[in-house]
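Written out below as structure tokens is the structure these notes cover.
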Amino acid sequence: EDQYKRIKSADNKNMAVLRFYNRFYRSTEDWVRLQNNLKIMKTAVQGSYRELAIVRELADISENKIGNATKAINEWNQLMKEGRFVAEAREALIGLYTRVQKWSALIDIYKNDMEALPADDKVNRIALLRKCIDIYDKELKQDQMVTKMYSQILELDPSNEEAANELVKRYEENKSWNSLLHILDQIATMTTDKDKAIDTYYHIASIFSSNLGNVAKSIEPLTHIIELD
């Protein structure tokens, strides 16, 4: 080690010396000094795939050896900010945010992904909205945001049955009758299944008469049923 110290004092970016200290600090579990050593190496190999490997190691030490996930997140965010290995950094951050349950930060990634998509890329936009819905529903328990995002899916794809059915269920549970009527009318208009349309119009008529106490308004959906059958 004394010999390497002399070389390091003369040339602190000597790769052979830096690799020696990597092994030395790892063997002594001196994680802080190992990180400092790796950061010097990272500067020397910036832009190469060796930099990506070093960032992975730095993040792993921060998360699993030092127990500081924030430092690991900062390593990947720095790489994204500088515009290098963005795809790899994004995937690493998704995994990190999931493990440490930083759900809002994970949603921000998906929202940024949506903003980067072409306006007509409905398939990928809906797939990202579903990922956000999963987090809002299971992890954050934010029913209002779940409803909002199902509405966005339905705007992108008016024939999306999953979104329509989920909105019907949620509006009914919350007794949001006007919103429910709007969705049911959309379902009845869009469907090519006559039986489904009839059932939906019956549902609309029932809401007007039973839930809103407006029997006169129930006449129109019942008239649509007669027109269908």
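Would you confirm whether any residue within the stretch 211-220 is among the charged types (D, E, K, R) and in a helix (DSSP H, G or I)?
Looking for residues that are among the charged types (D, E, K, R) and in a helix (DSSP H, G or I), one finds at least one in the stretch 211-220, hence yes.
Of (1) β-branched (Val, Ile, Thr); (2) under 35 Å from the mean Cα position of the chain (by Cα); (3) at pLDDT below 90, VAL17 satisfies all except one. Which?
Here VAL17 clears every test but (2).
Residues to consider are ARG99, ARG23; find the one that is of a type in the set (Lys, Arg) and either touching a helix residue (DSSP H, G or I) at 6+ places or on another chain (Cβ under 9 Å) or in contact (Cβ under 8 Å) with a residue 60 or more places away in the chain (or both).
ARG99
Report yes if GLN152 is outside any loop (DSSP other than H, G, I, E, B), surrounded by 15 or more Cβ atoms within 10 Å (Cβ to Cβ), in contact with a Leu (Cβ under 7 Å, 6 or more places away or on another chain) and polar (S, T, N, Q), otherwise no.
Taking the combined requirement at face value, the residue satisfies it.
Could you please find all residues in the stretch 163-222 being within 21 Å of GLN152 (Cβ to Cβ) and among the charged types (D, E, K, R)?
Once the filter is applied, which keeps residues that are within 21 Å of GLN152 (Cβ to Cβ) and among the charged types (D, E, K, R), the stretch 163-222 yields GLU166, LYS169, ARG170, GLU172, GLU173, ASP185.
Looking only at the stretch 26-71, count how many residues are touching an Asp or Glu at 6+ places or on another chain (Cβ under 8 Å), farther than 22 Å from VAL100 by Cβ and touching a residue at least 12 places away in the same chain (Cβ under 8 Å).
Residues that pass the stated criteria total 1.
Before we move on, is GLU82 more than 30 Å from ASN36 (Cβ to Cβ) and open to solvent by 80 Å² or more (accessible area, probe 1.4 Å)?
Considered against the rule, which asks whether it is more than 30 Å from ASN36 (Cβ to Cβ) and open to solvent by 80 Å² or more (accessible area, probe 1.4 Å), GLU82 comes out as no.
Could you figure out which of (1) within 30 Å of TYR110 (Cα to Cα); (2) modelled with pLDDT of 95 or more; (3) not in a loop (DSSP other than H, G, I, E, B) isn't true of LEU140?
Every listed condition holds for LEU140 apart from (3).
How many residues, within the stretch 115-125, are surrounded by fewer than 18 Cβ atoms within 10 Å (Cβ to Cβ) and in a helix (DSSP H, G or I)?
5
The values are calculated or read from the model by the stated rules, or taken from the named source; none is laboratory data. Everything numeric here is computed off the predicted structure, so don't read it as measured data. Note: ideal-geometry Cβ built from the backbone for every residue, glycine included; neighbour counts use all protein chains shown. Accessible surface is based on the protein model in full, side chains and every heavy atom, while ligands, DNA and RNA are left aside. Shrake-Rupley method; radii C 1.70, N 1.55, O 1.52, S 1.80 Å.
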